[in-house]
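Here is the structure we will look at, set down as structure tokens.
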Amino acid sequence: MTPRSLRPRLTAIGSGKGGTGKTFVALSLAQAFADLGERVLICDADLGLANVTVQLGAASGGDLPGWLAGRIVLADAVVQVALSPHAGFDLLSAPAGSGALADSDGETGERLVAMLKRASCYDRILIDLGAGVGAATMTLASHADDTLVLATPDPASLTDAYAFAKLMVKRTGGRAPAIVINMAGSTAEAKRTAETLIRSAQSFLKVAPDYLGHIPHDPRVVEAVRRQTMLCALYPQSPAVAAIAALAAALGGQIGNLKIVPSLR
């Protein structure tokens, strides 16, 4: 049995701008880690426009503003997501569409990450970062144990992912986010996309980001999002579900160490 850590492992998922399927990936990873037996919290850290609850079709995502302000304890700030026959995980979010934390800055990000690191009741916390490269977003990305940048084969997405990586490298003194390619038409397309981003980082940032793998384009993902249901509940045999499980393993399911796709090393 895997020993429990003294503090949770923080895994942040960012993308630069939106439209890459970041929230879908974050939610799916939360479920994958829960199914592996980890005690999981997903924190919707889009502090201005939280939307995890919308994708889940949930009435409430908890009370992140209240917890940050110290008005309530964490146990009262989260809600449980239970998806039969899967293991449950917890969700911490601001009210959807409220803009309650829209003006959050780097100091807010520092406070949030410090509080999350003290949440020892969890093994892993998935941080669904806000779109863009604002101060709070990059602070959370820089302080997480694992940081992923999600990109698609779209050139604009690659530009955004590079900007995200550049700012993180600058903030951390040389640590780059790991790359995950979403909505890839094939393994070869995903590899070419990742290699383009890696070459740019090597040339201009003098670092080589790790490539963790890809999630194939799957129209059933769009259907799941529209139906506000997890893909693993609607189509458990979907290639995208299998890819998420592989990504969870690459990230060290059961609180292990991050593993790299050997084909690009």
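The values are calculated or read from the model by the stated rules, or taken from the named source; none is laboratory data. All of these numbers come straight from a predicted model, not from anything done at the bench. In this analysis, Cβ positions are derived from the backbone assuming ideal geometry, glycine residues included, and neighbour counts consider all displayed protein chains. Protein only, heavy atoms only, side chains kept; ligands, DNA and RNA dropped before computing areas. Shrake-Rupley method; radii C 1.70, N 1.55, O 1.52, S 1.80 Å.
Here A141, A131, A119 are screened, and the one residue that is of a type in the set (G, A, S), open to solvent by less than 10 Å² (accessible area, probe 1.4 Å) and part of a loop (DSSP other than H, G, I, E, B) is A119.
Give the stretch 54-64 a look and list any residue that's more than 25 Å from G134 (Cα to Cα), among the aliphatic types (A, V, I, L, M) and surrounded by fewer than 18 Cβ atoms within 10 Å (Cβ to Cβ), or say none. A58, A59, listed by residue number.
Yes or no, residue by residue, for (1) open to solvent by 30 Å² or more (accessible area, probe 1.4 Å); (2) over 27 Å from L197 (Cβ atoms):
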residue	(1), (2)
V40	no, yes
D44	no, no
V52	no, no
G66	no, yes
V73	yes, yes
A82	yes, yes
A87	yes, yes
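For the residues V207, V261, the requirement of being more than 16 Å from the chain's Cα centre (by Cα) and modelled with pLDDT under 95 singles out V261. Step by step: first the residues of the stretch 181-205, then only those that are over 24 Å from A144 (Cα atoms) and among the hydroxyl-bearing types (S, T, Y), then the one that is surrounded by the most Cβ atoms within 10 Å (Cβ to Cβ). Which residue is that? Per the stated criteria, the residue is T193. Please work out which residue is modelled with the lowest pLDDT, limiting yourself to the stretch 94-116 and to residues that are surrounded by 22 or more Cβ atoms within 10 Å (Cβ to Cβ) and part of a helix (DSSP H, G or I). Restricting to residues being surrounded by 22 or more Cβ atoms within 10 Å (Cβ to Cβ) and part of a helix (DSSP H, G or I), the top hit is G109.
Looking across the stretch 187-225 at every residue that is in a helix (DSSP H, G or I) and acidic (D, E), the one that is nearest to M168 (Cα to Cα) is identified as E195. Of all the criteria given as (1) at negative phi; (2) part of a loop (DSSP other than H, G, I, E, B); (3) open to solvent by 40 Å² or more (accessible area, probe 1.4 Å); (4) in contact (Cβ under 8 Å) with a residue 24 or more places away in the chain, the one not satisfied by T20 is (3).
Within the stretch 151-180, the set of residues being assigned to a helix (DSSP H, G or I), hydroxyl-bearing (S, T, Y) and buried (at least 20 other Cβ atoms within 10 Å of the Cβ) comprises S157, Y162.
Among the residues here, Q228 qualifies as closer than 27 Å to T53 by Cβ, part of a loop (DSSP other than H, G, I, E, B) and either at pLDDT below 95 or aromatic (F, W, Y) (or both).
Number of residues in the stretch 15-29 that are modelled with pLDDT of 95 or more and under 19 Å from V133 (Cβ atoms): the value is 2.
Does L247 count as at pLDDT 95 or above, under 26 Å from V40 (Cα atoms) and in a helix (DSSP H, G or I)?
yes
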